[in-house]
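Following: one structure in structure tokens, then a few remarks.
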Amino acid sequence: MNHSIRSMIASLIRGVTLATLALCFCSGSLAATVEEYKSKIDFARKLTIELEAKLRNDDSNELDIREFAARIRRDFPTAELIEWNGGTVETTSGWLLDKARELEGEADSKKRLLAVIETREYLSAISFKLEELRLAAAVERTKDADKQKLAEILRREEYQKPQEKQESVVQEWLRRFLEWLESIFSSSSEPAPAFSGLSAITVLLQVLIYGGLLALLGVLVYKIAPMLFPKLKRKRKPKKRKERIILGEQLGEEATATDLFAEAERLAREGNLREAIRKGYVALLCDLSDRKVIGLARNKTNRDYLRDVRPRRDLHPRMKSVTDTFERHWYGFQESADEDWARFREEYYEAIRSV
């Protein structure tokens, strides 16, 4: 009897243990790591860039669109669990899936290109945020580790108290060579002149000074000669303005940041606040480009431009605030109202004033 009870208890313990292990395994398999999720985002962004290139070159077909949309649906479920800080967080891909369906159902090539550009910007923004999280986790160090690192640095040879300088082998050879030269040029009837390293340095300084004066004279002649002789002036060819494409929008040759922001104001008055915020953000990038703060490029995203102004401590926080507002309203995460446009306009002017 006792033997049977012990057997039943042992069987029950084994069953509970196996069930617990199975549950842990299943729970772990449902959540992806941050690295795995970022890898999917980067791969999807690569496919988006390739599809964008085909659409721009009119080299795409319906099969490319369907395969792209199918890959998005396969890699990004509506909701997904991500491991973070010892737990899990839930992320949704509703906007991305809606954009894939919109791309499949759209027949107009220009609207398809716009949808692909928006998808690329969306994926780039997520990839940038994930990279920021990865870098923040990588640079965390404890105080003890910092103290240990500082102690190791202070123990280096360059931080030790300098010892009394002694004549090196090279200095000794130079001294003996100069003494030998002195013995050659000395005379028995007259005392030998002092031939030391100081005289050699004096000669060298004289050569450098005369060389510098000659170089300065050459520069002056190069600058003044065209004024005295106009025929020597070089004819400068007028610079052809480069094509400007900002976030997929091609700007006219005469378009200015003032014109673009005036267009944004008009859209806001008409109630199209989402388009007004996007046009205002394009105007900001155009203004920063005209001031030589950033460089424009066809494939640059809003996060790429934000990264370009990171060294500017006054501009970067204001630029980040404008970029966050643009992302929230343009990608549909937040509905736009009159007060949102008023806040965006104020952030725009603050960013311009900080340049």
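The values are calculated or read from the model by the stated rules, or taken from the named source; none is laboratory data. Here the structure is a predicted model, which is why all the values come from computation and not from measurement. Reconstructed Cβ throughout: ideal geometry from the backbone, glycine too, with neighbour counts over all protein chains shown. Side chains are part of the model used for accessible areas, which takes the heavy atoms of the whole protein and leaves out ligands, DNA and RNA. Shrake-Rupley method; radii C 1.70, N 1.55, O 1.52, S 1.80 Å.
Would you check if there is a residue in the range 36-52 being under 23 Å from Lys111 (Cα atoms), out of contact with any strand residue (DSSP E or B) (no Cβ under 8 Å at 6 or more places or on another chain), at pLDDT below 90 and in a helix (DSSP H, G or I)? Yes - at least one qualifying residue is present in the range 36-52. Being under 21 Å from Arg274 (Cα atoms) and assigned to a helix (DSSP H, G or I) is a condition met by at least one residue of the range 125-134. Restricting to the range 262-271, name every residue that is out of contact with any Leu (no Cβ under 8 Å at 6 or more places or on another chain) and either in a helix (DSSP H, G or I) or at negative phi (or both). If the condition is that a residue be out of contact with any Leu (no Cβ under 8 Å at 6 or more places or on another chain) and either in a helix (DSSP H, G or I) or at negative phi (or both), then Ala262, Glu263, Ala264, Glu265, Arg266, Ala268, Arg269, Glu270 are the ones that fit.
Results for (1) within 24 Å of Gln250 (Cβ to Cβ); (2) free of Cβ contacts under 8 Å to residues at least 12 places away in the same chain; (3) open to solvent by less than 20 Å² (accessible area, probe 1.4 Å), shown as yes or no for each residue.
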| position | (1), (2), (3) |
| --- | --- |
| Leu96 | no, no, yes |
| Arg101 | no, no, no |
| Ala107 | yes, yes, no |
| Lys111 | yes, yes, no |
| Leu114 | yes, no, no |
| Ile117 | yes, no, yes |
| Ala125 | yes, no, yes |
| Glu132 | no, yes, no |
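Within the range 253-264, residues that are in contact (Cβ under 8 Å) with a residue 40 or more places away in the chain sit with their Cβ atoms under 9 Å from residues that are among the acidic types (Asp, Glu) and assigned to a helix (DSSP H, G or I), at 6+ positions apart or across chains, in these pairs: Phe261/Asp287. Per the listing Ala337, Ala351, the residue uniquely surrounded by 13 or more Cβ atoms within 10 Å (Cβ to Cβ) and of a type in the set (A, V, I, L, M) is Ala351. Among the residues of the range 301-334, those identified as touching an Asp or Glu at 6+ places or on another chain (Cβ under 6 Å) and surrounded by 18 or more Cβ atoms within 10 Å (Cβ to Cβ) are Thr301, Arg318, Val322. Within the option set Ile5, Ile82, Ile13, Ile9, being of a type in the set (A, V, I, L, M, F, W, C) and at pLDDT 85 or above holds for one residue only, Ile82.
Filter the range 285-296 for residues that are in contact (Cβ under 8 Å) with a residue 40 or more places away in the chain and assigned to a loop (DSSP other than H, G, I, E, B); which is surrounded by the fewest Cβ atoms within 10 Å (Cβ to Cβ)? Selected residue: Arg291. A single member of Arg66, Arg71 is modelled with pLDDT of 90 or more and open to solvent by 50 Å² or more (accessible area, probe 1.4 Å), and it is Arg71.
Between Tyr305, Tyr348, Tyr281, the distinction of being among the aromatic types (Phe, Trp, Tyr), free of Cβ contacts under 8 Å to residues at least 40 places away in the same chain, at negative phi and part of a helix (DSSP H, G or I) belongs to Tyr305 only.
Somewhere in the range 74-94, is a residue part of a helix (DSSP H, G or I), loosely packed, with under 14 Cβ neighbours inside 10 Å, under 28 Å from the mean Cα position of the chain (by Cα) and not hydroxyl-bearing (Ser, Thr, Tyr)? Yes; the residues of the range 74-94 include at least one that is part of a helix (DSSP H, G or I), loosely packed, with under 14 Cβ neighbours inside 10 Å, under 28 Å from the mean Cα position of the chain (by Cα) and not hydroxyl-bearing (Ser, Thr, Tyr).
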